[in-house]
Amino acid sequence: MSIFRELTEGLPRQGPGSAETTLRALGLTRGIPPRPRILDVGCGPGAQTIELARATGGRIVAVDIRQRFLDELTERASAAGVLAQVTTVNTSMFDMDFADASFDLIWSEGAIYIAGFAAGLGAWRRFLKPGGWIAVSELTWLVPDPPAEAAAYWARSYPGMGSIERNCQIVAEAGYVDPDGFVLPVDDWWSYYGPAERRVAELREKYAGDREVLATLDEADREPDLFRAYSDAYGYVFYVMRKPAA
Ligand SMILES: C[S@@+](CC[C@H](N)C(=O)[O-])C[C@H]1O[C@@H](n2cnc3c(N)ncnc32)[C@H](O)[C@@H]1O
């Protein structure tokens, strides 16, 4: 098994978030029909997919390129009693070929960065019905002059990271209206980093003496350490908006 797989397998989330945050973002949408059709892009093991299924009673197409995450989602959806509402699709977000105007809601937690914020919002728009909503969480600078260490780390790891102002501009340029949103609470990061850090600690024991693996584990520990130091400077922001009705 690869070390990346060992680092991520079976963790509850693959990015910052919580049930409360998913429901808060859902609450910013208006006029979603009963039992909506939802597309969840980069669903991972599906914590948010299950929450959306429960809250909306809708049918969710959950897309990811890692089959093991889709399998974890299937198991969790089954345990939660919402499996009949969830269809998993193993495809890349770059290759989605769903019909135009076929979804009432597009959801993506911690995954639009893979396409790029502007490119993802632009490319996925056609899948929305007129008046349909899109909600995405995106790593965002919260201050105009971030500390040098944080700026240098994210310049390497996510050079496309924008400010709230810049991202709101992108939302408008992509043709969406009624934008709303909020910064995710710091606790949402620890629901992700907490289990991830415990996994790193277990793997340090398992691979004690393997310098190559230990270097990878050191790198995995950097992100939470950076967030501990600079959580005022950057955060995840939920952006919620809709395609115009006509
Ligand atoms: C940071 S994780 C977020 C997962 C989940 N939404 C969550 O919050 O737990 C990003 C997800 O995007 C998936 N992913 C990576 N590249 C992808 C692609 N090209 N198309 C679809 N999904 C992709 C990864 O497998 C991973 O599950």
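With respect to the conditions (1) within 16 Å of the ligand (Cβ to nearest atom); (2) basic (Lys, Arg); (3) over 15 Å from the mean Cα position of the chain (by Cα), Arg37 falls short on a single one, namely (1). If you go through segment 51-66 and keep only what is within 14 Å of the ligand (Cβ to nearest atom) and either surrounded by fewer than 16 Cβ atoms within 10 Å (Cβ to Cβ) or of a type in the set (S, T, N, Q) (or both), you end up with just Ile65.
In summary, Arg76 fulfils each of the numbered conditions (1) over 20 Å from Ile112 (Cα atoms); (2) in contact (Cβ under 8 Å) with a residue 24 or more places away in the chain; (3) more than 12 Å from the ligand (Cβ to nearest atom); (4) more than 17 Å from the chain's Cα centre (by Cα) with the single exception of condition (3). Scanning for something without any contact (Cβ under 8 Å) to a residue 24 or more places away in the chain, under 30 Å from Gly27 (Cα atoms), surrounded by 12 or more Cβ atoms within 10 Å (Cβ to Cβ) and not basic (Lys, Arg), does segment 197-213 turn up at least one residue? For segment 197-213, residues without any contact (Cβ under 8 Å) to a residue 24 or more places away in the chain, under 30 Å from Gly27 (Cα atoms), surrounded by 12 or more Cβ atoms within 10 Å (Cβ to Cβ) and not basic (Lys, Arg): absent.
Please work out which residue is surrounded by the fewest Cβ atoms within 10 Å (Cβ to Cβ), limiting yourself to segment 1-33 and to residues that are of a type in the set (Lys, Arg) and within 14 Å of the ligand (Cβ to nearest atom). This residue is Arg5.
Total residues in segment 1-42 satisfying the condition of being at pLDDT 95 or above and of a type in the set (A, V, I, L, M): the figure is 9.
On the basis of being touching a residue at least 12 places away in the same chain (Cβ under 8 Å), of a type in the set (A, V, I, L, M, F, W, C) and either surrounded by 14 or more Cβ atoms within 10 Å (Cβ to Cβ) or within 20 Å of Ser2 (Cβ to Cβ) (or both), does Ala233 make the cut? Against the criterion (touching a residue at least 12 places away in the same chain (Cβ under 8 Å), of a type in the set (A, V, I, L, M, F, W, C) and either surrounded by 14 or more Cβ atoms within 10 Å (Cβ to Cβ) or within 20 Å of Ser2 (Cβ to Cβ) (or both)), Ala233 qualifies.
Does Trp124 satisfy the condition of being in contact (Cβ under 8 Å) with a residue 40 or more places away in the chain and within 16 Å of the ligand (Cβ to nearest atom)? So that I can check it myself, show each step before the final result.
Details: in contact (Cβ under 8 Å) with a residue 40 or more places away in the chain: yes; within 16 Å of the ligand (Cβ to nearest atom): yes.
Yes, satisfied.
Taking segment 171-190, which residues are of a type outside the set (Phe, Trp, Tyr) and surrounded by fewer than 19 Cβ atoms within 10 Å (Cβ to Cβ)? Scanning segment 171-190 gives Ala172, Glu173, Gly175, Val177, Asp178, Pro179, Asp180, Val183, Pro185, Val186, Asp187.
Suppose the filter is more than 21 Å from Asp225 (Cα to Cα), aliphatic (A, V, I, L, M) and touching a residue at least 12 places away in the same chain (Cβ under 8 Å); does Val177 pass it? Walk me through it before giving the result.
Numbers: more than 21 Å from Asp225 (Cα to Cα): yes; aliphatic (A, V, I, L, M): yes; touching a residue at least 12 places away in the same chain (Cβ under 8 Å): yes.
Criteria met by Val177.
Taken residue by residue, segment 216-229 has no member that is of a type in the set (A, V, I, L, M), surrounded by 15 or more Cβ atoms within 10 Å (Cβ to Cβ), at pLDDT 95 or above and assigned to a loop (DSSP other than H, G, I, E, B). Scanning segment 86-109 finds one or more residues that are charged (D, E, K, R), closer than 28 Å to Gly160 by Cβ, near the ligand (Cβ under 10 Å from one of its atoms) and surrounded by fewer than 16 Cβ atoms within 10 Å (Cβ to Cβ).
When Asp188 is tested against the conditions (1) under 21 Å from Ala25 (Cβ atoms); (2) outside any helix (DSSP H, G or I), the lone failure is (2).
Of all residues in segment 204-246, those satisfying the criterion of being among the basic types (Lys, Arg) and closer than 26 Å to Ala135 by Cβ are Arg242, Lys243. Scanning segment 161-170 for residues that are in a helix (DSSP H, G or I) and either surrounded by 13 or more Cβ atoms within 10 Å (Cβ to Cβ) or among the hydrophobic types (A, V, I, L, M, F, W, C) (or both) turns up Ile164, Arg166, Asn167, Cys168, Gln169, Ile170.
The values are calculated or read from the model by the stated rules, or taken from the named source; none is laboratory data. Predicted model, so just to flag it, every value in this text is computed and none were measured. Every residue, glycine among them, receives a Cβ derived from its backbone with ideal geometry; neighbour counts consider all protein chains shown.
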